[in-house]
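*Asks:* Before I ask anything, let me first share the structure, which is written out below as structure tokens.
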Amino acid sequence: YDGSYGGVSFAVAEYRLPEFQVEVTAEEPEVVQGDTIRATIDSTYFFGGAVSNADVEYTVISENYFFSYQVRGSYDFVDYNYDAGPSAYYASSTRGAIASGSEMTDAQGEFTIEIPADLGDVSQSQNFIIEATVRDETGQTVAGRTTVTVHQGEVYVGARAETYVSRAGEETNVLIATVDWDSESVANQRVEVNVVERRWSSVQEQDELGRTTWVYDVEEIPVSEGEVTTDENGQATYNFTPENGGIFKVYVTTRDENGNAVTSSTYLWVSSREYVSWRQQNSNRIELVSDKEDYTVGETAQILITSPFQGTAEALITVERGDVLKMERITMESNSTIYELPIEAGYSPNIFVSVMIVKGVDENNPVAGFRMGYLQLGVDTEQRELNIEVTSDVDRASPQQTVTYTVRTTDWQGEPVSAEVGIGVTDLAALSLAPMNSRPILNYFYGDQSLSVRTSTPLTINTDQLTQ
């Protein structure tokens, strides 16, 4: 036994194949707020014929919709509160059931419902999930669902900093895009821009147990405002120069022809030789910020290290995954140092950047201390992916008829390539019971890998941090 292991899970199911299927079809898959949603529930037997005069129960659930930009470029298309963190971001994503009812199918096995596309007081586009359950005369129940997107307006506005990490005193470009629901450019769209600095005030207080904790508050200080109009490609650029280091938030707002306002925001971090008042956390953690999320081999990542220490400090920087891939010791001259990391081929599909800062005793730090931060970076796996095209010689086949499938595989550049291919044929009725439990093969072999390196320091048990 060499210590290696592996595993896979599979399901063993006991089931009864359904005799009929339920399809929920919306008249329009996407609408704008104020419209009316019309959806038809259609129940048919697999062997043909309608499930007529059957009981139908339906429910409509509303969830936040996150616009997915289908063109290259990671624009932010939502007004996101970065400081609240991912938990707050997704915790409020579901509004819950907004409509429900019971009816019966007609002689054709159909029933149509109408739902107002009302966003209420929600400040974000929504997905209305319409689910219907049909019960036939034998008591068997089958469900179907569809999703209708209710957009805030006919147009979306996105923004991103040309680089999410910059330096004080340097001109910063904010790239703006206006697009329709299909990510097609919308030209000549007026966009209001407001830039604020999110300045943190942190003080130490004692709680009811006598423990010293950080209490912080944030103030949005206006920095710059203006208006731009997108060009024929739906693009515009807004420029401003941050005079100091810190966290800056850029709000962009546009309106469609009906006056519906749509707002998005993006963030950027600015380093400075002067001390920057980052938010103090009640832990030894610090935040690391990269100029973007994903990289290709050969690019250089710029990583901002937000240190709470005044003056110089020593930092150990390591690139990790299953092992330590790279290490370097640097001296930080300020508490907002930008570290540059060249992206190597061996870093695909992802890496973890660790920064351990150690600060000794000086006039600003009465006790020795440390801070640590981790940052995950994605590295492109496009060159490892195959494209698979499957075609059959017939669209419909009879029992005992032979069907021939043709499989064509190409590489990431579209060139034919030899590959080992596995093919499975499954009864559609069985697939209606549950989705397949196999995940995409590329993700299995080249999906994000976990961190297998542990870091420790005796400074975690330094009692001087508690008594002084």
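*Asks:* So, in segment 171-213, of the ones that are of a type in the set (Ser, Thr, Tyr) and farther than 30 Å from residue 271 by Cα, which residue ends up farthest from the chain's Cα centre (by Cα)? Write out each step before concluding.
*Replies:* So the first thing to find is which residues in segment 171-213 are of a type in the set (Ser, Thr, Tyr), and the list is 172, 178, 183, 185, 201-202, 212-213.
Still in the list and also farther than 30 Å from residue 271 by Cα: 183, 185.
Details: 183: 17, 185: 22 Å.
Ranking the candidates gives 185 first.
*Asks:* Do the conditions hold for residue 381, that is, is it surrounded by 11 or more Cβ atoms within 10 Å (Cβ to Cβ) and modelled with pLDDT under 90?
*Replies:* So residue 381 fits the description; yes.
*Asks:* Hey, another quick one. Read through the list (1) touching an Asp or Glu at 6+ places or on another chain (Cβ under 7 Å); (2) loosely packed, with under 14 Cβ neighbours inside 10 Å, then give the number of the only condition that residue 4 fails.
*Replies:* With (1) touching an Asp or Glu at 6+ places or on another chain (Cβ under 7 Å); (2) loosely packed, with under 14 Cβ neighbours inside 10 Å applied to residue 4, the lone miss is (1).
*Asks:* Among 172, 141, 149, 133, which is polar (S, T, N, Q), in contact with a Ser or Thr (Cβ under 8 Å, 6 or more places away or on another chain) and free of Cβ contacts under 8 Å to residues at least 40 places away in the same chain?
*Replies:* 141
*Asks:* Given the conditions (1) surrounded by 16 or more Cβ atoms within 10 Å (Cβ to Cβ); (2) closer than 25 Å to residue 293 by Cβ; (3) in contact with a Ser or Thr (Cβ under 8 Å, 6 or more places away or on another chain), which single one is not true for residue 198?
*Replies:* Residue 198 satisfies every listed condition except (3).
*Asks:* Follow-up. Considering (1) in contact with a Phe, Trp or Tyr (Cβ under 7 Å, 6 or more places away or on another chain); (2) closer than 20 Å to residue 354 by Cα; (3) at pLDDT below 95, say which one residue 317 fails and leave the rest.
*Replies:* (3)
*Asks:* Now for a separate question. Working only within segment 224-278, note down all residues that are at pLDDT 95 or above, of a type in the set (A, V, I, L, M, F, W, C), more than 25 Å from the chain's Cα centre (by Cα) and under 26 Å from residue 200 (Cβ atoms).
*Replies:* The one that is at pLDDT 95 or above, of a type in the set (A, V, I, L, M, F, W, C), more than 25 Å from the chain's Cα centre (by Cα) and under 26 Å from residue 200 (Cβ atoms): 240.
*Asks:* If you check residue 154 against the conditions, is it at pLDDT 95 or above, surrounded by fewer than 20 Cβ atoms within 10 Å (Cβ to Cβ) and part of a loop (DSSP other than H, G, I, E, B)?
*Replies:* yes
For every residue, the table says whether it meets (1) surrounded by 19 or more Cβ atoms within 10 Å (Cβ to Cβ); (2) modelled with pLDDT of 95 or more; (3) under 28 Å from residue 66 (Cα atoms); (4) outside the structural domain of residue 250 (by TED's automatic domain parsing).
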site: 80; (1), (2), (3), (4): no, no, yes, yes
site: 83; (1), (2), (3), (4): no, no, yes, yes
site: 87; (1), (2), (3), (4): no, no, yes, yes
site: 90; (1), (2), (3), (4): no, no, yes, yes
site: 95; (1), (2), (3), (4): no, no, yes, yes
site: 123; (1), (2), (3), (4): no, no, yes, yes
site: 134; (1), (2), (3), (4): yes, yes, no, yes
site: 137; (1), (2), (3), (4): no, no, no, yes
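The values are calculated or read from the model by the stated rules, or taken from the named source; none is laboratory data. Nothing here was measured: the structure is a model prediction, and the numbers come from that model. No Cβ is skipped: glycine too gets one built from the backbone with ideal geometry, and neighbour counts run over all protein chains shown.
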